[in-house]
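Peer 1: This is the structure I want to talk about, given as structure tokens.
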Amino acid sequence: MQVFGGGLELGQRVRTGDIALDLVRPASLQMWSLADDLGRAGYLILLRSVPPTVAGAVLFGIRFPPDAAMWAWSLASMLLGIVVSFGLRYLVAIATCWIVDDRGLQSLSLVMTTFFSGMVLPLVLFPGLLGTLAQALPWAAMVQVPADVFLGKRDPLGALALQAAWVAVLLGLGALLTRSARRRVVIQGG
């Protein structure tokens, strides 16, 4: 999920000016970045998720989904969580077109992700309105929702609908910001 941010080189490309070339290419910068990020996620799943999970299952046991349908729901939820993660990180990265230094925004994103994703503390432990709000935010769609679907603690259709809604919102906002960045960037010498 790339919960702790990063993974996108857009901020660096803005600082060096290389973003100008990315914005004039015929391919969508956002979709290009998403394809790259999905490749990164697939690679990391194979190398950093599967081996430890298998080792943990062998050594300590693990609760797996009981049937093929739950496996399918879990995989779909995980994929949507990866895209939500990308959407949030893309917004932070593309914001570099408007701010001088993105480190503050990166730090804020890290705090929000750590607190509201369910990575450190399950969101069901948050009290009252804070818990309800935390469950509805996009960060929950990255970690807590896929974990709940995998464990059978959440209705898969409702969970996937929440995640798909956040995917649509985040990718739509990313597309708008990319279009705005394309108008903002001035290319010299051409």
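The values are calculated or read from the model by the stated rules, or taken from the named source; none is laboratory data. Bear in mind that the values here come from a model prediction, so they are computed numbers and not experimental data. Note that we place each Cβ from the backbone using ideal geometry, even for glycine, and neighbour counts take in every protein chain shown. Note: accessible area is taken over every heavy atom of the protein model, side chains too, but ligands, DNA and RNA are not part of it. Shrake-Rupley method; radii C 1.70, N 1.55, O 1.52, S 1.80 Å.
Peer 1: When you scan the range 4-49, how many residues do you find that are closer than 21 Å to SER107 by Cα, among the basic types (Lys, Arg) and surrounded by 14 or more Cβ atoms within 10 Å (Cβ to Cβ)?
Peer 2: Final tally of qualifying residues: 1.
Peer 1: Can I ask one more? Determine if the range 116-129 includes at least one residue that is farther than 30 Å from ILE62 by Cα and either part of a helix (DSSP H, G or I) or touching a helix residue (DSSP H, G or I) at 6+ places or on another chain (Cβ under 9 Å) (or both).
Peer 2: Yes, the range 116-129 contains at least one residue that is farther than 30 Å from ILE62 by Cα and either part of a helix (DSSP H, G or I) or touching a helix residue (DSSP H, G or I) at 6+ places or on another chain (Cβ under 9 Å) (or both).
Peer 1: Give the residues of the range 58-72 that are open to solvent by less than 40 Å² (accessible area, probe 1.4 Å) and at pLDDT below 90, sorted by residue number.
Peer 2: PRO65
Peer 1: Let me ask something additional. Look at the range 113-124 and say how many of its residues are among the aromatic types (Phe, Trp, Tyr) and buried (at least 20 other Cβ atoms within 10 Å of the Cβ).
Peer 2: Residues that pass the stated criteria total 1.
Peer 1: Let me ask another. Among the residues of the range 135-153 satisfying the criterion of being surrounded by fewer than 17 Cβ atoms within 10 Å (Cβ to Cβ) and not in a loop (DSSP other than H, G, I, E, B), which is modelled with the lowest pLDDT?
Peer 2: LEU151
Peer 1: Let me ask you something else. With respect to the numbered conditions (1) β-branched (Val, Ile, Thr); (2) crowded, with 23+ Cβ neighbours inside 10 Å; (3) free of Cβ contacts under 8 Å to residues at least 40 places away in the same chain, which one is the sole condition not fulfilled by THR132?
Peer 2: Going through (1) β-branched (Val, Ile, Thr); (2) crowded, with 23+ Cβ neighbours inside 10 Å; (3) free of Cβ contacts under 8 Å to residues at least 40 places away in the same chain one by one, THR132 breaks only (2).
Peer 1: Sort out which residues of the range 32-78 are more than 21 Å from GLN163 (Cβ to Cβ) and among the basic types (Lys, Arg), and write them in order of number.
Peer 2: Result: ARG48, ARG63.
Peer 1: Identify the residue in the range 73-88 that is aliphatic (A, V, I, L, M) and more than 11 Å from the chain's Cα centre (by Cα) and, among all such residues, is surrounded by the fewest Cβ atoms within 10 Å (Cβ to Cβ). Reasoning before the result, please.
Peer 2: First, pick out the residues of the range 73-88 that are aliphatic (A, V, I, L, M): 75-76, 78-80, 82-84, 88.
Checking the rest, the ones that are also more than 11 Å from the chain's Cα centre (by Cα) come to 75-76.
Values: LEU75: 14, ALA76: 17.
Across the range 73-88, the extreme among qualifying residues is LEU75.
Peer 1: Quick test for you: out of LEU110, LEU105, LEU91, pick the one residue that is under 20 Å from LEU10 (Cα atoms), surrounded by 15 or more Cβ atoms within 10 Å (Cβ to Cβ) and without any contact (Cβ under 8 Å) to a residue 40 or more places away in the chain.
Peer 2: One residue alone meets the criteria, LEU105.
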